[in-house]
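Report on one structure; see the data block that follows.
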Amino acid sequence: METEKIDLSNFLLKNSTSYEDPKSFVELMMGIIDASNLISTLISNGEIGGVLGNLPTTNIQGETQKKLDVLSNDIFIEALLKNNLVSCLISEENENPITNEYNPSGPYTVFFDPLDGSSNIDVNVSVGSIFSIFKYKKNSDSNDIVTLDPGREQIAAGYALYGPSTMFVLSTGKGTHGFTFNSDSKKFILTHPNITVPIETHEFSINTSNERFWNPPISRYIKECNDGEIGERDKNFNMRWTGSMVADVHRILMRGGIFMYPKDSKVPEKAGRLRLMYEANPMAFLMEQARGAASTGREKLLDIIPECFHQRISVIMGSKEEVDRVIRYYAEHDDGKDFEYKSPLFKERSLFQKSD
Ligand code: AHM
Ligand code: MG
């Protein structure tokens, strides 16, 4: 296969005319790739490497930190600060932005989740690292060190997936491309050029243990999926949930479907489970670049104007037809057009109530 010969660094150089400052961008990306490689090695050594288990600390999100959360964070920070290209780093694990004292005017801002899905790490299930790159813009209107732009202004985004094979999936705004780590050459090889999410599918991904907290549009959508070929949808659906966003979104990029972590009533003051700047935005960028769609249910994720570094958000993304259907259900609900659900099995009728 022709694409087997292209490794990630060559791919970046080959496409360099599309970056504003090719030299610095490729150097920045090489830092992220090196960090991902190092984390991949730590993860693959598992228990033998002595890196599994919890620390006594919690992060800004109030979540118990794993040893690998902290190690991965340190690896990313070191890799991103060493070449003085990043003015501002925002990590899931740090409350405040990390600034570069040696070069406060480096051209880039990077948001990252160093180890997404880390609750899976001790049971040897796939996890990943997610990153989102913007041009650095100082915030002259406030004391904040950086201006927060909507996700549409990302210049690149991607993730490393530490699964049965390690993969790196990237978009610089010209399609979404997947690379697989070759342990012989120690290089990421282009194996999945121009990933396209199938438009129409029959697989959904949501944590169904939250069902009692869902809002009516989500309940309606999932109910219809579960009714299968005897219900509204006239076809059977399958459900897959890994609990690592990287793995769940990767599956959808590969074979289609819909991934949802909507705002629900579990913790009413939270606007969702996932974070806008280093989870939703980069995945939405990859999804749109792969001809999928990404929404909160009411707005495109990439158009959301961020309010703070660790903002949470409702996430619905994947195959366009499915995402559009959920958006329609939100619109109908907001218009007060609550619908009557007719169970195809028991002929029950219940009215979904209007709520947030
Ligand atoms: P993390 O960044 O702390 O690992 O949290 C994000 C992860 C996502 O990968 C996943 O979709 C979600 O949390 C699962 O959460 P839950 O198990 O609470 O449903
Ligand atoms: Mg995460």
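The values are calculated or read from the model by the stated rules, or taken from the named source; none is laboratory data. Just so you know, these numbers come straight off a predicted model, no measurement behind them. Heads up, the Cβs are rebuilt from the backbone with ideal geometry, glycines too, and the neighbour counts pull from every protein chain shown. Just so you know, the surface numbers come from the protein's heavy atoms only, side chains and all, with ligands and any DNA or RNA stripped out. Shrake-Rupley method; radii C 1.70, N 1.55, O 1.52, S 1.80 Å.
Semi-axis lengths, largest first, of the ellipsoid equivalent to segment 284-328 are 19, 12, 7 Å, with √(5λ) applied to each eigenvalue of the Cα gyration tensor.
A 1.4 Å probe over all protein chains sorts 23, 300 by accessible area into 23, 300, starting with the largest.
For residue 235, the lysines whose Cα comes closer than 28 Å to its Cα, not counting residues fewer than 8 places off in the same chain, are 223, 263, 300, 320, 337, 342, 347, 354.
For the chain, the per residue solvent-accessible surface stands at 46 Å², with DNA, RNA and ligands left out and a 1.4 Å probe. Based on every Cα atom in the chain, Rg and the maximum pairwise Cα distance Dmax equal 20.6, 68 Å. So what is the calculated 222 nm ellipticity per residue for the chain, using -39500 (n - 2.57) for each DSSP H run with n of 4 or more, over all residues, to the nearest 500 deg cm²/dmol? About -8500 deg cm²/dmol. Membrane-span-like helices of the chain, defined as complete DSSP H segments with a Cα extent of 30 Å or more along the helix axis and a mean Kyte hydropathy of at least -0.5, are identified as 22-45. Here segment 174-228 and segment 78-124 have alpha carbon centers that stand 25 Å from each other. Here the calculated FRET efficiency for residue 138 and residue 229, from their Cβ-Cβ distance with R0 = 51 Å, stands at 0.35, rounded to the nearest 0.05. As a fraction of the 1.4 Å probe accessible area of segment 2-192, surface on carbon and sulfur atoms comes out at 50 percent. Convex hull volume of the C-alpha atoms in segment 2-192, normalised per residue: 126 Å³. Residues within the reach of a label modelled at residue 9 (point 7 angstrom out along Cα to beta-carbon, backbone nitrogen below 18 Å), restricted to segment 183-203, are 183-191. Against the criterion of solvent-accessible heavy-atom surface with a 1.4 angstrom probe, 5, 223 sort, most first, into 5, 223. Highest mean packing comes first when the peptides 65-72, 128-135 are listed by Cβ atoms within 10 Å, giving 128-135, 65-72. With both labels modelled 7 Å from their Cα along Cα-to-Cβ, the residue 331 to residue 45 distance reads 5.4 nm.
The lysines within cross-link reach of residue 82, meaning a Cα-to-Cα straight distance under 28 Å and a gap of 8 or more places when in the same chain, are 14, 23, 66, 67, 135, 137, 138, 174, 186, 187. Note on residue 153 and residue 74: the model spin-label points, each 7 Å out from Cα along the C-beta direction, lie 3.4 nm apart.
If r is the Cβ-Cβ distance from residue 208 to residue 102 and R0 is 51 Å, what FRET efficiency results, to the nearest 0.05? Efficiency, rounded to the nearest 0.05: 0.60. Spin-label model, residue 239/residue 185: points 7 Å from Cα along the beta carbon direction are separated by 4.2 nm.
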